[in-house]
Amino acid sequence: MIKLDTRLKMAADEVRQGKKVVDIGTDHAYLPAYLIENNICPSAIAADIGKGPLENAKKVVSTSKELSDRIELRLSDGLKEIESDETDDIVIAGMGGILISEILTAAPWVKDETKRLILQPMSHAEDVRRYLCENGFEIIKEKACTDGKHNYIIIVAEFRNKINDKNEAFYYKGLIQYDKSSDAQKYHQSRMASLIKKRDALKNAGQDVNDIEKIING
Ligand SMILES: C[S@@+](CC[C@H](N)C(=O)[O-])C[C@H]1O[C@@H](n2cnc3c(N)ncnc32)[C@H](O)[C@@H]1O
């Protein structure tokens, strides 16, 4: 049985029971294998842009008939080789926020009220939130966890075709700023510390700090 690390378990916990899932950038396919073994999903597509990662996935999936019957491996740049009706929940974990938002932008079919996005940016979470808010999604949940020295965030969103009323301060701070758990506060404080460091560097270089001040104080 697959045992997920804390970060991937946090993502797996947001996949809805009984829904088809695609895991983009799957590498070893640990997440789809866990979802199948625990009867959370009836089927999964484990997708990756690289043949090497898909070989890793094949090793895991071929360890049991259940996994090989229910997980399809697919070479795909982002969501380009995935059809809308092949999935309900879309997981993109372990990539930078800029790449995640580019992958979503290239697949307009994700704007569908029946689908759920489970996104785990390793950096630039603000780009993910900006994409979501500007494209009619509602961020329904954010969670943080710590594994070893690292602190991670997950962003869960669903399409509502809703007008964006958020601003840059929200894109940087997200819902996680309101979560009082120690992992969430650790994540939030570390993002705030980076912004303050950036503001001080700009100030020392004699540059305009108005925009970054608005984010810090917003
Ligand atoms: C750091 S691993 C993350 C693996 C797993 N999702 C996790 O979170 O542990 C990133 C994976 O994303 C894949 N990847 C990078 N860009 C991609 C893209 N545009 N489309 C699909 N997969 C991509 C890489 O090949 C690699 O296997």
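The values are calculated or read from the model by the stated rules, or taken from the named source; none is laboratory data. Predicted model only: the values in this text are computed from it and were never measured. Neighbour counts are summed over all protein chains in view; Cβ atoms, including those assigned to glycine, are modelled from backbone coordinates with ideal geometry. Note: areas computed on protein heavy atoms with side chains; ligands, DNA, RNA excluded. Shrake-Rupley method; radii C 1.70, N 1.55, O 1.52, S 1.80 Å.
The number of residues in region 69-88 that are within 24 Å of Glu113 (Cβ to Cβ), within 14 Å of the ligand (Cβ to nearest atom) and either aliphatic (A, V, I, L, M) or in contact with an Asp or Glu (Cβ under 8 Å, 6 or more places away or on another chain) (or both) comes to 4. Open to solvent by 20 Å² or more (accessible area, probe 1.4 Å), within 15 Å of the chain's Cα centre (by Cα) and either near the ligand (Cβ under 9 Å from one of its atoms) or not basic (Lys, Arg) (or both) - does that describe any residue in region 11-26? Yes, that holds for at least one residue.
Taking region 139-175 as the range and being β-branched (Val, Ile, Thr) and over 16 Å from Gly97 (Cα atoms) as the test, the residues that pass are Ile140, Thr146, Ile163.
A count restricted to region 27-71 and to residues that are surrounded by fewer than 18 Cβ atoms within 10 Å (Cβ to Cβ) and closer than 22 Å to Ala157 by Cβ stands at 0. Residues in region 176-201 that are over 17 Å from Ile100 (Cβ atoms), in contact with a strand residue (DSSP E or B) (Cβ under 6 Å, 6 or more places away or on another chain) and among the aliphatic types (A, V, I, L, M): 1 in all. If I ask for residues that are among the charged types (D, E, K, R) and out of contact with any Ser or Thr (no Cβ under 7 Å at 6 or more places or on another chain), which ones from region 40-57 would you list? The answer is Lys51, Glu55.
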